[in-house]
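A.B. asks: Following this message is one structure expressed as C-alpha cells.
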Amino acid sequence: MSSPAQSPTKVFHPAVFRVVGLYFASLVVLIFLTVVCKFKLYSRMEWFGFPTAWGWLLMAWFYVVPFIFGAGGGFLLKPFIRNFVVITALIFSFHSVYTFFAFSLRSGYLMTLEAEAQASRRSELSLKSLTHKYQDENGDGLVDRVAMVGHWELKTDSPGGYLAALYLVQNNRLVAGGSIGQQKLDMEAQGTRGFDFAFSINPVNIKDALSSGPVEVHLDLKKSIPVSGAGKSILAFCRWAPFLDRTGFEGEDPEIYQTLLSIVNFHRIDVLVLDPAEIQRDQVIFVRYINDVARDLDGNGLYDELLVSLLVDSIYSGPIYYSLQEESHPEIFFQNKTSIAKGADVIHLVIDGTDLKKLGKDGPYRLTNVNVLNNDPYCPSGKCDLKNLPVFTLYLPKYVTQAYELNKFE
Ligand SMILES: [Ca+2]
Ligand SMILES: [Ca+2]
C-alpha cells in the first residue's frame, strides 16, 4: 500500500471504501435493532437509563454520523479534506440512490391506490326503498323508537368494502346524536348487489331537533381502501430512506393512512316529523315534596302515622309501591302501597307509627332511598308477574321531616 510508486493522480485513499462499508454496517446493525425491538420509531424508550427514541438515533445516523466517519477517515488516511469529502459524498450518494428507489416504489403504490380510488368513485348506489315507522313498544301511546328499513343496491367495477351510512341533518347541520346507523357493503366481485338494512333510533336522543322542526335523513357512501400487505412493506421500506418523510414502524404514512374514501352523498332521502309531545317520556316525573304531617286517625291523642306528600306529573295510572329508609337506620325499610292518577297528582307516602318507633329516636327524620315502583317488588314464588305496564321505577330525592317526638306516636 505504501509503495513509493503510488500514483500522484490517485486523489483519495482506497481505504475510504472500507470506512464507508463500516458506516453502512453500523447503520444496518442499528436498523436490525429497531426491527428486532419492534418499538415504534418515535416512542420513547429507556436506554441505559436515558430516555431516547429510535427515530432520533436513526436521524443522527443518517445526517450526523456520516460526517463523523468522514472526519475519522480523513484524519486516519490523509489528506484530511479530500478523504473527508469522498467518504461523506459516497455515503450521501448511497442514501440518495436508496431514497430514490424507495420513493419510486412508494409513488408506484400511490398510483395503484389512486387508480382504485378512481374506479371506486364511479360506483353507483341506488336507494330502492326506505320507510320509517314510529313505534310504541310499551303500549302507552308514546313513541319509543323510530325504525327505518329499506333496500339499497350498489353497482361497482371496484370490489372491496363499502360503507353506507344514514344520518340526520337539520338546517344543513348534523343533528347531535343523529347517527342512524351504518352498513358494510362487501362487494366481492364487480357487478351489482342488493342489501337490506334495518336501523332504529331512540327519538328521545333527537328530541331537541324534532321540537324545532322536520329532520332530514341523509345517506352517504364511503369506501374503505386499506393499505395492502405489499403496500405496508413498501412503506416500511421507505422508513429507512434518509431523504423521505419518515413513516411509522407499522407503515403509517400520512398520505396513505386516510383510507375512507367518500364516494357519494344523498341529501334528504327521507324526512322525520314527530311532535315532541308524542315522544316517550318518563311515566312519572317528580315535581316536588309538599310537606309532612303526623296524623291521629282514631282521635286518641296519639299519632298513628307520619305522612309525606309530594307532587308528581304522571302519564301512568294505577297502583304504586314505595319503599324508603331513615338515614341512621338503613336496616329498616318502610314500605307501603298506594295509587296514582294521570296528570298532576299528589302522592302520600305513609309511615306507620309502630314502624316509626323502631327508629327509637325523635325527628327530624332524614328519609333516603325513596323508590316508587308500579309493580310489587316482592314475588312470593320468586318469579314476578308484572301486572302493571309499562314497568317503571322512580327514584326520589332525600327528604327531611319536621321535628317529631317519638313518644307522641302510638
Ligand atoms: Ca311508548
Ligand atoms: Ca291515634
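A.B. asks: Just to be sure I understand the filter: pairs with C-beta atoms under 7 Å, separated by 6 or more residues or on different chains, first member in the stretch 396-407 and within 14 Å of ILE351 (Cα to Cα) and in the same structural domain as TYR365 (by TED's automatic domain parsing), second member in a strand (DSSP E or B) and aromatic (Phe, Trp, Tyr). Which pairs pass?
C.D. replies: The qualifying pairs are TYR399/TYR289.
A.B. asks: Still on this structure, I have one more. For the stretch 346-363, indicate whether the set of residues that are part of a strand (DSSP E or B), farther than 21 Å from LEU302 by Cα and either out of contact with any Gly (no Cβ under 7 Å at 6 or more places or on another chain) or not basic (Lys, Arg) (or both) is non-empty.
C.D. replies: Within the stretch 346-363 (the criterion being part of a strand (DSSP E or B), farther than 21 Å from LEU302 by Cα and either out of contact with any Gly (no Cβ under 7 Å at 6 or more places or on another chain) or not basic (Lys, Arg) (or both)), the answer is yes, since at least one residue qualifies.
A.B. asks: Can you confirm whether ARG288 is closer than 30 Å to ASP144 by Cβ and out of contact with any strand residue (DSSP E or B) (no Cβ under 6 Å at 6 or more places or on another chain)?
C.D. replies: No, not satisfied.
A.B. asks: Filter the stretch 213-237 down to the residues that are among the polar types (S, T, N, Q) and either within 25 Å of the chain's Cα centre (by Cα) or modelled with pLDDT of 95 or more (or both) and list them by number.
C.D. replies: Answer for the stretch 213-237, where residues must be among the polar types (S, T, N, Q) and either within 25 Å of the chain's Cα centre (by Cα) or modelled with pLDDT of 95 or more (or both): just SER224.
A.B. asks: Still on this structure, please answer the following. Here are LEU154, LEU168, LEU174: which of them is more than 16 Å from ligand 1 (Cβ to nearest atom), assigned to a strand (DSSP E or B) and without any contact (Cβ under 8 Å) to a residue 60 or more places away in the chain?
C.D. replies: Residue meeting the stated conditions: LEU174.
A.B. asks: Taking the stated definitions as given, is ASN375 closer than 27 Å to VAL293 by Cα and at pLDDT below 90?
C.D. replies: yes
A.B. asks: Now a separate question. Inside the stretch 299-342, can you point out the residues that are in a strand (DSSP E or B), more than 16 Å from ligand 1 (Cβ to nearest atom) and among the small types (Gly, Ala, Ser)?
C.D. replies: Filtering the stretch 299-342 down to residues in a strand (DSSP E or B) leaves 303, 305-314, 318-326, 329-340.
Going one step further and asking which of them are more than 16 Å from ligand 1 (Cβ to nearest atom), we end up with 303, 305-313, 319-326, 329-340.
Of everything in the stretch 299-342, those that are in a strand (DSSP E or B), more than 16 Å from ligand 1 (Cβ to nearest atom) and among the small types (Gly, Ala, Ser) turn out to be SER309, SER323, SER339.
A.B. asks: A follow-up question, please. Within the stretch 293-341, can you find the residues that are within 16 Å of ligand 2 (Cβ to nearest atom), exposed (fewer than 15 other Cβ atoms within 10 Å of the Cβ) and among the acidic types (Asp, Glu)?
C.D. replies: ASP298
A.B. asks: Could I ask something else about it? Does any residue of the stretch 279-289 turn out to be over 17 Å from ASN407 (Cα atoms), over 38 Å from the mean Cα position of the chain (by Cα) and surrounded by 15 or more Cβ atoms within 10 Å (Cβ to Cβ)?
C.D. replies: Yes, the stretch 279-289 contains a residue that is over 17 Å from ASN407 (Cα atoms), over 38 Å from the mean Cα position of the chain (by Cα) and surrounded by 15 or more Cβ atoms within 10 Å (Cβ to Cβ).
A.B. asks: Just give me the residues in the stretch 387-410 being more than 14 Å from ligand 2 (Cβ to nearest atom) and loosely packed, with under 15 Cβ neighbours inside 10 Å, in sequence order.
C.D. replies: Selection gives LYS387, LEU389, VAL391, THR393, TYR395, PRO397, LYS398, VAL400, GLN402, ALA403, GLU405.
A.B. asks: Quick check on LYS133: is it under 30 Å from TYR316 (Cβ atoms), in contact (Cβ under 8 Å) with a residue 12 or more places away in the chain, touching a strand residue (DSSP E or B) at 6+ places or on another chain (Cβ under 6 Å) and more than 16 Å from ligand 2 (Cβ to nearest atom)?
C.D. replies: yes
A.B. asks: If you don't mind, there's one more thing I want to ask. For the stretch 128-149: of the residues being surrounded by 15 or more Cβ atoms within 10 Å (Cβ to Cβ) and away from ligand 1 (no atom under 16 Å from the Cβ), which is nearest to ALA198 (Cα to Cα)?
C.D. replies: Filtering the stretch 128-149 for residues that are surrounded by 15 or more Cβ atoms within 10 Å (Cβ to Cβ) and away from ligand 1 (no atom under 16 Å from the Cβ), the one nearest to ALA198 (Cα to Cα) comes out as MET148.
The values are calculated or read from the model by the stated rules, or taken from the named source; none is laboratory data. As the structure is a prediction and not an experimental result, all values here were calculated from the model. Because the Cβ atoms are built from the backbone with ideal geometry, glycine has one as well, and the counts that use them run over all protein chains shown.
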